[in-house]
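J.: Quick one: this structure, given as structure tokens, is what I'll be asking you about.
The values are calculated or read from the model by the stated rules, or taken from the named source; none is laboratory data. Remember, predicted model here, so these are calculated numbers, not experimental data. Heads up, the Cβs are rebuilt from the backbone with ideal geometry, glycines too, and the neighbour counts pull from every protein chain shown. Please note that ligands, DNA and RNA were not included when accessible areas were found on the heavy atoms of the full protein model with its side chains. Shrake-Rupley method; radii C 1.70, N 1.55, O 1.52, S 1.80 Å.
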Amino acid sequence: MSPEGIEQLLTDVRAGRVTVARAVQRLRSLPFENLGFASLDHHRSLRQGFPEVLLCEGKTAKQSVAIARALIKKGGPFLATRAEPGVAKAIMKLDRRAHYHADARIVAIDRKPARRAGHILVLTAGTADVPVAEEARVTAEVMGSHVETLYDVGVAGL
């Protein structure tokens, strides 16, 4: 939950639109939610400005989907990295806004910030580096940065 989300929740309680019990229920998983096989840091967006990112590599499809469901439920931007196509397809069924960036192996739900912050240049020496560069590009864009890319600028590119 973002600082704005907490402020809105408290405003809704004060105005009587949300009961205290419902507010407590929504805040209960702050800062962590234990899924049994993973502990999710729902407070990260308050501390870092962006929610926890799901690394799918090394997890089963079932674990990745369970973690994705819990993270998406909290709202805001979402990133699942190193997602193979089958895992990506399962995660995308959770939310119609989810998009798979095949070259980056990322499933993302982008919040489209009004203004992009910062300026990042992602470059590669060769085409073999493009998948990692695309992962960096998509991650930075979803986190709200302006990104430009220059690929294949190694010796052969000169």
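J.: Look through the range 54-90, keep the residues that are in a helix (DSSP H, G or I) and among the β-branched types (Val, Ile, Thr), and return whichever of them is nearest to the chain's Cα centre (by Cα).
T.: 72
J.: While we're on this one: So residue 24 passes all but one of these: (1) more than 20 Å from residue 66 (Cα to Cα); (2) open to solvent by 80 Å² or more (accessible area, probe 1.4 Å); (3) assigned to a helix (DSSP H, G or I). Which condition number does it fail?
T.: If we test residue 24 against (1) more than 20 Å from residue 66 (Cα to Cα); (2) open to solvent by 80 Å² or more (accessible area, probe 1.4 Å); (3) assigned to a helix (DSSP H, G or I), just (2) comes out false.
J.: Look at residue 153 and say whether it is in contact with a strand residue (DSSP E or B) (Cβ under 9 Å, 6 or more places away or on another chain), part of a loop (DSSP other than H, G, I, E, B) and either open to solvent by 20 Å² or more (accessible area, probe 1.4 Å) or not polar (S, T, N, Q) (or both). So that I can check it myself, show each step before the final result.
T.: Working: in contact with a strand residue (DSSP E or B) (Cβ under 9 Å, 6 or more places away or on another chain): yes; part of a loop (DSSP other than H, G, I, E, B): yes; either open to solvent by 20 Å² or more (accessible area, probe 1.4 Å) or not polar (S, T, N, Q) (or both): yes.
In short, yes.
J.: Taking the conditions exactly as written (within 14 Å of residue 5 (Cα to Cα) and open to solvent by 70 Å² or more (accessible area, probe 1.4 Å)), does residue 62 satisfy them or not?
T.: no
J.: For residue 11, which of the numbered conditions (1) in contact (Cβ under 8 Å) with a residue 40 or more places away in the chain; (2) open to solvent by 40 Å² or more (accessible area, probe 1.4 Å); (3) polar (S, T, N, Q) fails to hold?
T.: Single failed check for residue 11: (1).
J.: Are there any pairs with C-beta distances below 8 angstrom linking a residue in the range 96-111 that is of a type in the set (Lys, Arg) to a residue that is part of a strand (DSSP E or B), with the two at least 6 apart or on different chains, and if so which?
T.: Qualifying pairs under 8 Å: 97/109; 105/81.
J.: Still on this model: Among 30, 40, which is the only one that is at pLDDT below 95, touching a Phe, Trp or Tyr at 6+ places or on another chain (Cβ under 8 Å) and not in a helix (DSSP H, G or I)?
T.: Answer to the selection: 40.
J.: OK, next. Select from the range 70-96 the residues that are charged (D, E, K, R) and touching a helix residue (DSSP H, G or I) at 6+ places or on another chain (Cβ under 9 Å) and write down the one among them that is surrounded by the most Cβ atoms within 10 Å (Cβ to Cβ).
T.: 74
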